[in-house]
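**Student:** Sharing a structure with you now.
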Amino acid sequence: MREPTPQEIEQIESALAGGRKIEAIKLYRAATGCDLKDSKDAIDALIPQLREKDPARYAKLSQGAGCASLLLVCFGLAWLVTAMTSA
């Protein structure tokens with residue numbers, strides 16, 4: 001494993017600034033040779049630092065309520081439809 005170069009760090013930060021977290025994880029993996037979990041953990045640890053440093057630039061990054069919230073809403077709607085049709 002190696003440390004990303006300044007150019008690679010800028011690419012990662014640019015991807016995050018654009019709200020492209022998955023791209024940032026891929027860039028980090030390519031730059032460091034880390035596995036997917038370690039790369040995701042590194043990006044997740046980097047996000048709060050970047051938000052603190054420049055909140056306006058990193059405003060597009062989600063607050064972490066993405067997929068889980070969507071699944072919860074979908075299950076809730078499915079339950080509601082099922083309850084309404086069986087009554």
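**Student:** In the chain, what is the count of Lys pairs whose alpha carbons are under 18 Å apart, counting only pairs at least 8 residues apart or on separate chains?
**Tutor:** 7
**Student:** With every protein chain kept in the model, how would you rank Thr82, Thr5, Thr32 by accessible area, 1.4 Å probe, largest at the top? The partial results should precede the final answer.
**Tutor:** Details: Thr82 85, Thr5 50, Thr32 10 Å².
The ordering from most to least exposed comes out as Thr82, Thr5, Thr32.
**Student:** Here's something else I'd like to know. Using a/c under 1.5 as the rounded threshold, could you call the chain rounded, prolate or oblate? The axes a ≥ b ≥ c are square roots of the C-alpha gyration tensor eigenvalues, and prolate needs a/b larger than b/c, oblate otherwise.
**Tutor:** prolate
**Student:** Given the rule -39500 (n - 2.57) for each run of at least 4 DSSP H residues, summed and divided by the residues of the chain, what is its mean residue ellipticity at 222 nm, to the nearest 500 deg cm²/dmol? Intermediate values should be presented prior to the final figure.
**Tutor:** Details: 4 runs with 61 residues, N = 87.
Counting only the DSSP helices, I get -23000 deg cm²/dmol.
**Student:** What is the helix-to-structure angle for 36-53, meaning the angle in degrees between its Cα long axis and the longest Cα principal axis of the chain, kept from 0 to 90 and rounded to the nearest 10?
**Tutor:** 80 degrees
**Student:** Over the chain, what is the relative contact order in percent, taking alpha-carbon pairs closer than 8 angstrom and at least six residues apart? Don't skip to the answer; put the middle values down first.
**Tutor:** On the way: 62 pairs, mean separation 24.0, N = 87.
Over the chain, the number comes to 28 percent.
**Student:** With θ taken as phi - 60° and the coefficients 6.51, -1.76 and 1.60, list the Karplus ³J(HN,Hα) couplings across the stretch 8-13 in order, rounded to whole Hz; mark glycine and proline as x.
**Tutor:** 5, 4, 5, 4, 5, 5
**Student:** Carbon and sulfur: what percent of the chain's accessible surface (1.4 Å probe)?
**Tutor:** 64 percent
**Student:** Roughly what angle does helix 67-85 make with the longest principal axis of the chain, taking Cα atoms, 0 to 90 degrees, to the nearest 10?
**Tutor:** 10 degrees
The values are calculated or read from the model by the stated rules, or taken from the named source; none is laboratory data. Predicted, not measured: the structure shown is a model, and the values here were computed from it. We work out accessible area using only protein heavy atoms, side chains counted, and drop any ligands, DNA or RNA first. Shrake-Rupley method; radii C 1.70, N 1.55, O 1.52, S 1.80 Å.
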